[in-house]
Amino acid sequence: EDVRKLSASAVEAIAVFHGIASADWVIRESYWEDTFYSILVKREEMPYEQVMALAPQLEQLGWGLSIQGRKVYLVPLPVSKNRAIAHVKQLCGATHVIASGDSLLDLGLLRAADEAIAPAHGELYRAYESGKLTNESFGFTARSGIVAAEDILQFVADIMDREGSYANDYR
């Protein structure tokens, strides 16, 4: 219900994107669960700055824009991982949440978590390196790529050790 109240229609949001979209770099559009768009693109041919320039206009419509690899996501702002984790936390009575993510769509989740870490790659890390992301309560892994997963697992194991909830026989 919040989506209908706080966000413009999906038709309005995709129309903004279509204002700059071209068959030269858009491969396919998908509209998922009557909620959000994922648009598969030829990243090397996509005009990155032009696409990112749509973000303020989409935000005024109550939509977010995120580019992750070969996909552009258009998502209503009320549809967020931080709202989802708060709901799951309430449902299962969790008191401590650890999170990780690498995209701007994960930012709310990382901020809502009790403890969080992001890999030293991806959209969030690029925003951090460029100075667009500062004063966050989470840090980044020491390594990037697939080995960042080991750093994330070690981060979780260290927290569980500290909390006394990680038995040695699980190592």
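The values are calculated or read from the model by the stated rules, or taken from the named source; none is laboratory data. If you're wondering where the values come from, they're calculated on a predicted model, not measured in any experiment. Neighbour counts are summed over all protein chains in view; Cβ atoms, including those assigned to glycine, are modelled from backbone coordinates with ideal geometry. Accessible surface is based on the protein model in full, side chains and every heavy atom, while ligands, DNA and RNA are left aside. Shrake-Rupley method; radii C 1.70, N 1.55, O 1.52, S 1.80 Å.
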### Query
Just one of (1) 15.6; (2) 17.8; (3) 17.0 is Kirkwood radius over Cα pairs in Å as worked out from the coordinates here. Which one is it?
(2)
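Can you tally the lysine pairs in the chain where the Cα-Cα distance is under 21 Å and the two residues are eight or more apart, or on different chains?
Final tally of qualifying lysine pairs is 5.
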### Within-12-Å neighbourhood charge of Leu40 [Cβ basis; K, R +1; D, E -1]
+4
## Note on the structure
Expressed in square angstrom to the nearest 10, the accessible area of Thr134 with a 1.4 Å probe stands at 80 Å²
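For segment 1-91, what relative contact order do you get, as a whole percent, if you take Cα pairs closer than 8 Å and at least 6 residues apart?
Normalised by residue count, the contact order of segment 1-91 is 31 percent.
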### Query
Rounded to the nearest 10 Å², what accessible area does Ile85 show when all protein chains are kept and the probe is 1.4 Å?
40 Å²
### Query
Quick one: how many Å² of Arg162 are accessible to a 1.4 Å probe, rounded to 10?
140 Å²
#### Entry: Residue-normalised accessible area of segment 94-145, given per residue in Å² at a 1.4 Å probe
50 Å²
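Which longest uninterrupted range of the chain lacks any GluC sites (Glu not before Pro) assigned by DSSP to a loop state (not H, G, I, E or B) and surrounded by at most 16 other Cβ atoms within 10 Å?
46-135
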#### Entry: Relative contact order (%) - the chain, alpha-carbon pairs under 8 angstrom, separation at least six
15 percent
